[in-house]
1. Kindly evaluate residue 49 against the criterion of being at pLDDT 95 or above, outside any helix (DSSP H, G or I) and out of contact with any strand residue (DSSP E or B) (no Cβ under 6 Å at 6 or more places or on another chain).
2. Please count how many residues of the range 98-109 are part of a helix (DSSP H, G or I), free of Cβ contacts under 8 Å to residues at least 40 places away in the same chain and either crowded, with 18+ Cβ neighbours inside 10 Å or within 13 Å of ligand 4 (Cβ to nearest atom) (or both).
3. Can you say whether residue 287 is surrounded by 18 or more Cβ atoms within 10 Å (Cβ to Cβ) and more than 19 Å from residue 157 (Cβ to Cβ), as far as the supplied structure shows?
4. Filter the range 134-156 for residues that are assigned to a helix (DSSP H, G or I) and in contact (Cβ under 8 Å) with a residue 60 or more places away in the chain; which is farthest from the chain's Cα centre (by Cα)?
5. So, in the range 205-216, of the ones that are under 13 Å from the mean Cα position of the chain (by Cα) and within 13 Å of ligand 4 (Cβ to nearest atom), which residue ends up nearest to residue 315 (Cα to Cα)?
6. Look through the range 21-49, keep the residues that are within 16 Å of ligand 4 (Cβ to nearest atom) and on the phi > 0 side of the Ramachandran plot, and return whichever of them is surrounded by the most Cβ atoms within 10 Å (Cβ to Cβ).
7. Within the range 279-296, is there a residue that is without any contact (Cβ under 8 Å) to a residue 60 or more places away in the chain, within 16 Å of ligand 4 (Cβ to nearest atom) and touching a helix residue (DSSP H, G or I) at 6+ places or on another chain (Cβ under 6 Å)?
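The values are calculated or read from the model by the stated rules, or taken from the named source; none is laboratory data. Quick caveat: nothing in here was measured; it's all calculated off a predicted structure. So basically every Cβ, Gly included, is an ideal-geometry build from the backbone, and we count neighbours across all protein chains shown.
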Ligand code: IPE
Ligand code: IPE
Ligand code: MG
Ligand code: MG
C-alpha cells in the first residue's frame, strides 16, 4: 500500500488483513500465537492478496469468497517464508528477526505448517474451485523449492533451468492470485485465462527483480540481508548469465568463493546485471499485454501499476 493505492483497494486490503490476523491468531494456542503473528506484524507488501482483490474487478467484486481466497494466499505465502528462511538460514525478514532466529527451527517449521493449514482452511470456507487451485499451487511451490535445492552451487546451471524453477516457486502464487480473483468474482473463462497469464508473467519478473535486489538492493528497503542467495549457493539469473560470459567467475565460484564483494564486479563488468534486468522487463511487458484482453475499468491501470512497482523496487 502506498499513497497511490486506490481507495477501494485500501478498503479491500483492510478487510483481508483482519481475516489474516484473526485466522492465524484467534484460535492459536498461546505458544503458537506470537510466532504465527510475528511476520504479519513485521510488515510485507501483501502483493498476492492485493492481486486477487484487483483481479476480482474483472468480474463482480466484493464477494466474501474473494476476501477468503486473498487472505488464504497471504497465509500460504507466509508459511513458505517461514520455511524458506530456515532453508536459507537468514536472520532478517521484513526488517525483523526471522522466526527461527527468535523461536528456533522446530517452531519455525511447525508454525509454518500451521499457517499453511490456516490458509487451506480459508480456502475451504471459500469453497468452489478455491481449495483445489490453492492446493495445486502449494504443490507447485514446494516442487520448485525442491528442484532448486538440487541445483545449488552449480555455476553451469542453465538459464532455462532457472526460469523453470522461479516459475514454480514464485510465479505459481501470482498466477493463482489472478485466477482466484477471477473465479471467485465469476469472471468469464477468457478473462480468467488472461489474469492467470498476467500473474505468471508478473511473478517471473518479480522473482528476477528480487534476485537482483539480493545482489544490489538496500537492506533498509528490502528488509532482507544482501548476498543471501550467493551464500546459500543459489545462483540466480545475473550470476548464471555472468558465468556464461566470464570463465574467471566460474572458476571463482567453483573454488568456493561466495562473497558479494568478490562476485559483484564480475556481474557488473559482464553486463549480466543489465541483461537480467532486461529479462525482467520482458516478462513485465508480457504481463501488461495480458491486460488488453480484460474488460475495461480502472482496475486495469492498477494491475499495470503493480507491474511497474515490481520493477521500481530497483530504482
Ligand atoms: C518474497 O516475496 C518471496 C519471493 C517470492 C521473492 P515478497 O517480496 O512478496 O515478500 P513480502 O510479502 O513483501 O514480505
Ligand atoms: C523463495 O525465493 C521464494 C519462495 C517461494 C518462498 P527467495 O529465497 O529469493 O525469497 P526471499 O528473497 O528469501 O524472500
Ligand atoms: Mg530466501
Ligand atoms: Mg530472494
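1. No.
2. Adding up the residues that qualify gives 1.
3. Taking the combined requirement at face value, the residue satisfies it.
4. Per the stated criteria, the residue is 149.
5. Checking each candidate, the answer is 209.
6. Narrowing the range 21-49 to residues within 16 Å of ligand 4 (Cβ to nearest atom): 39, 43-45, 47-48.
Those still in the list that are on the phi > 0 side of the Ramachandran plot too: 43-44.
Details: 43: 12, 44: 17.
Looking at residues that are within 16 Å of ligand 4 (Cβ to nearest atom) and on the phi > 0 side of the Ramachandran plot, I get 44.
7. For the range 279-296, residues without any contact (Cβ under 8 Å) to a residue 60 or more places away in the chain, within 16 Å of ligand 4 (Cβ to nearest atom) and touching a helix residue (DSSP H, G or I) at 6+ places or on another chain (Cβ under 6 Å): absent.
Table: residues versus (1) under 21 Å from the mean Cα position of the chain (by Cα); (2) away from ligand 2 (no atom under 11 Å from the Cβ).
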| site | (1), (2) |
| --- | --- |
| 180 | yes, yes |
| 190 | no, yes |
| 203 | yes, no |
| 218 | yes, yes |
| 229 | yes, no |
| 236 | yes, no |
| 250 | no, yes |
